[in-house]
1. With an 8 Å Cα cut-off and a minimum separation of 6 or more residues, compute the relative contact order for segment 153-283 in percent.
2. 7 Å from Cα along Cα→Cβ at both Val300 and Thr286: what's the point-to-point distance in nm?
3. For Glu221, Glu198, what's the largest-to-smallest order of accessible area, 1.4 Å probe?
4. Carbon and sulfur atoms: what percent of the 1.4 Å accessible area of segment 109-216 do they account for?
5. Could you tell me the accessible area of Ile119 in Å² (1.4 Å probe, neighbours in place), rounded to the nearest ten?
6. Express in Å², to the nearest 10, the accessible area of Phe201 obtained by rolling a 1.4 Å probe over the protein heavy atoms while all chains stay in place.
7. Simple spin-label model, 7 Å along Cα-to-Cβ: Asp260 to Thr158 in nm?
8. Suppose accessible area is computed on protein heavy atoms with a 1.4 Å probe; arrange Thr199, Thr310, Thr112, Thr70 from highest to lowest.
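The values are calculated or read from the model by the stated rules, or taken from the named source; none is laboratory data. Predicted model, so just to flag it, every value in this text is computed and none were measured. With ideal geometry, Cβ positions are generated from the backbone for all residues, glycine too; neighbour counts draw on all protein chains shown. Just so you know, the surface numbers come from the protein's heavy atoms only, side chains and all, with ligands and any DNA or RNA stripped out. Shrake-Rupley method; radii C 1.70, N 1.55, O 1.52, S 1.80 Å.
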Amino acid sequence: MGYSAWQETEKVQKNGSRTGFANKMAGADTVGSVLPQRVGVRATGQNSALEAYRASVASTVRNVKPAYETYESENYRIVPDNEAGCFDIYNKQGERIGAFEYSDIKVRQDSTTGKQFLISEHGTMSYDAMVMDGELKDALQNVMGVETLETEELQGFTLRTHSGTGIQYLVRAGEEGRGGKVLLQSQADIKKYEALAETCFNKYPNLIHDKNAAYIWADLEIKGLAQRTDNGIISMGFDGMSYNDNENYKNNWSVRFSEDIYKAIFGWLQNNEELEQAGSQESETTTEIIVKPDGSRVLVMTMSIGGMETTMSLEISKPTEAPNENSEQDADNNMPSADAEMDTVSDEMSIISTEA
């Protein structure tokens, strides 16, 4: 196929030999037709050999795997996996930060803050990310044998800050309420992260039984996927939320809602955390499910900061056909039973702010 022009030329030559040369030499029709055929076969053979050679070279290039070697700097250890085509990067404590494919080794710079990141995407809701400081950049350039790394604008990710701790995290576009990557950029960040985990561990001993679980809850809270209350923890995501009580599991509940509701709740929590941080005052969050006479139930979340009280309410179930009977039953239980199906929240929501 690469020699189609040559093949067209061969056809013209064959036709020319049958007319001009055949007219000049009697009985040369056979010779005139055989000679170009032999030339064509020889040329085709050369073409096939060249094609095979090129394919062999291309295959060899594709199959050649980089032979990077382990590299250590003061704070990083970069271990290549040349078979898998990725680097495992560790901090100086020997903790694995993440796996980064060779093709993802480039600088992604946030246009707003100027911060630079190393990100490797592994599929839906799965990616590793870390801040690209000068030491890491130099280490990667050394291990890869290049003078500079490719730089591009950070796209498809949003850099956010947890207002309670000031710790930043990255969220991939379209995955809000589904995850994120917490970025511990300094010893101060690490201390705040550990302090948050310690608070969770000490406050909810019946829910959190070891330090690893405490770190998970701290991670979720920083990413806006968990909220501590006086007696338990609310975990939330793009499609619902649930509550786990530290003292009595019968007080646990869970509800489903739309992604718009999640965004409204997340915004409400963020705004109140910012007020908390600005005023340097501790906040208290309480939850209550109120059963109305018509059998409908409303989830009420209240956050108190100093003398300010903010309340958010969500209708989590519609009126029932037998309101009085169901109202009495729900009033006795106060919460849905653990075996009950998850309630579905309507899009009705209200936020009320009051001063004490």
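1. 19
2. Distance between the two pseudo-spin positions: 0.9 nm.
3. Putting Glu221, Glu198 in descending order of accessible area: Glu198, Glu221.
4. With neighbouring chains kept in place, the figure for segment 109-216 is 46 percent.
5. 0
6. The accessible area comes out at roughly 60 Å².
7. Inter-label distance under the simple model: 1.7 nm.
8. These residues rank, largest area first, as Thr112, Thr70, Thr199, Thr310.
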